[in-house]
Amino acid sequence: MLRFARGMAAAVMALSLTAFQVAPSGLPEALERLTVDAAAARAFDYMTLKASGADLGALSDAVYLRSRIHGDIQRCLTEAETELLAGLSAAVDAPDAAAFEADRASAEAAWVRWQAFDAHVMGGAPIDQPPFSYVADRVAMAEAATDPRSRELLRRAARDQLLRRGWDPVPEVWPEPPSPGAWNRYQALLQRQACEVDSANTAWLKADVEANGWYRISVHGEETTSSAWLMAQHADRDRAFQREVLSLLEPLVAEGEAPSRNYAYLYDRLAVAENRPQRYGTQGRCAARNLWEPFELEDPARTDAWRAEVEIGSLAEYAAHMHQYCTDFSG
């Protein structure tokens, strides 16, 4: 049971803060109430909670895990849950209340800049430098598409990639490197936005494919077909739809109407999600600093032969490329 330090200000949203009762979610009831009240979550005194000796990291995890539907499938956090998660995460690294408030102001200013940058890129602004030049190219491709269906798909896929390139503190959003507390706050907001975009993209693609079938290379082009696959790859909250897409891709690959690599990546993603060995070794984790390793393989002796069939190179080559994403791994 968690207890706050005596003498805590009574103005903190009239909560009973001298003793917590643990709710079924694993959160103390006082914090559980904040998950449905964004204003209260924002006003909560997280630094006093920290001073009481509460494990803020464990509480942050509890906020995140309360969104679990089943297995590893999770819904998007609400605004109130996001405020609570942001406050807890930021307080972990803030040395005092003044730093906590400074981190809040910094994160909010960065969020305004991110939204403006989002509109700038999606509005078709030319960008020459990676990583956002890739997104700008896809926006331009969408604008050039004459088929309304393909245009909408390409714009959605471009936004998918814009958000996934927002996880680094880019200068367009962070003129100065963020403090850990400000960065944690910002990440909570970005995580919620990415979840909502993925969910909307899944719903749109699912309805579109049901009405029109899958995108074929001969009709829509390889880039459009791969953009549809990308959105299916990120439809992790709807495993049934991912399985459906996999079944659609298999005959299309045989006909040359879908890239074989797309089938391989989705096959492995589903296998790992369903706690089965993967075939192609595309899914893995950082095992140590500068060391990426694949999750369990279906048949290690045949992995490279399977990879050759779908033209994605050897597993050793792939691992050598993935090691760079483990440079900051700390266990």
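Suppose R0 equals 22 Å. What FRET efficiency, 1/(1 + (r/R0)^6) with r the Cβ-Cβ distance, do V170 and E108 give to the nearest 0.05?
The value I calculate is 0.80.
Considering only the other residues whose Cβ falls under 9 Å of the Cβ of P180, what net charge follows from Lys and Arg at +1 and Asp and Glu at -1?
Neighbour charge sum, excluding P180 itself: -2.
Run the numbers for A316 and A116: contour at 0.36 nm per residue of separation, minus the present Cα-Cα distance, in nm.
Full extension of this stretch gives 67.9 nm more.
Work through the residues other than L77 whose Cβ is under 10 Å from its Cβ and net out their charges, Lys, Arg +1 and Asp, Glu -1.
-1
Measuring from label point to label point, each 7 Å out along Cα→Cβ, what is the S260 to R239 span in nm?
About 2.8 nm, to one decimal.
For every helix of n ≥ 4 consecutive DSSP H residues, a contribution of -39,500 (n - 2.57) applies; sum these over the chain, divide by its total residues, and give [θ] at 222 nm rounded to the nearest 500 deg cm²/dmol.
Here the helix-only value at 222 nm equals -18500 deg cm²/dmol.
Round to the nearest 10 and give me the degree value, 0 to 90, for the angle of helix 260-273's Cα axis relative to the longest principal axis of the chain.
Orientation of helix 260-273: about 40 degrees from the principal axis.
Measure nothing but the geometry: give the 0 to 90° angle between the long axis through the Cα atoms of 132-144 and the longest principal axis through the Cα atoms of the chain, rounded to 10°.
60
Along Cα→Cβ, 7 Å out, is where each label goes; now give me the distance between the ones at N290 and R216 in nm to one decimal.
5.0
Count the DSSP beta bridges whose two residues both fall in the chain, then state the antiparallel fraction as a percent rounded to the nearest 5.
Beta bridges within the chain, antiparallel portion: roughly 90 percent.
Once you list every other residue whose beta carbon is under 14 Å from the beta carbon of Q129, what net charge do they have if Lys and Arg are +1 and Asp and Glu are -1?
-3
Describe numerically, in nm with one decimal, the distance between label points set 7 Å from Cα along Cα→Cβ at A308 and at A200.
4.6
Find how many whole Å separate the alpha carbon centroid of the range 206-222 from the alpha carbon centroid of the range 135-180.
Rounded to whole Å, the Cα centres lie 22 Å apart.
Can you run phi through the Karplus equation (6.51, -1.76, 1.60; θ = phi - 60°) for the range 298-312 and list ³J(HN,Hα) in whole Hz, with x for Gly and Pro?
Each residue's phi maps through the Karplus curve to give 4, 7, x, 5, 9, 4, 5, 5, 5, 5, 5, 4, 9, 6, 10 Hz.
Could you run the Karplus curve 6.51 cos²θ - 1.76 cosθ + 1.60 with θ = phi - 60° over the range 93-101 and give me ³J(HN,Hα) per residue in whole Hz, x for Gly and Pro?
Karplus values, whole Hz, x for Gly and Pro: 9, 6, x, 7, 5, 5, 5, 4, 5.
Amide H of F295: which non-local residues (sequence gap of 5 or more, or other chain) have their own amide H closer than 5 Å, using H built in the peptide plane?
Placed amide hydrogens put Q283, G284, R285 under 5 Å from F295.
Bear in mind these aren't lab numbers, they're just calculated from the coordinates by the rules spelled out. What you see is a predicted model, and the numbers here were worked out from it, not measured in a lab. Every residue, glycine among them, receives a Cβ derived from its backbone with ideal geometry; neighbour counts consider all protein chains shown.
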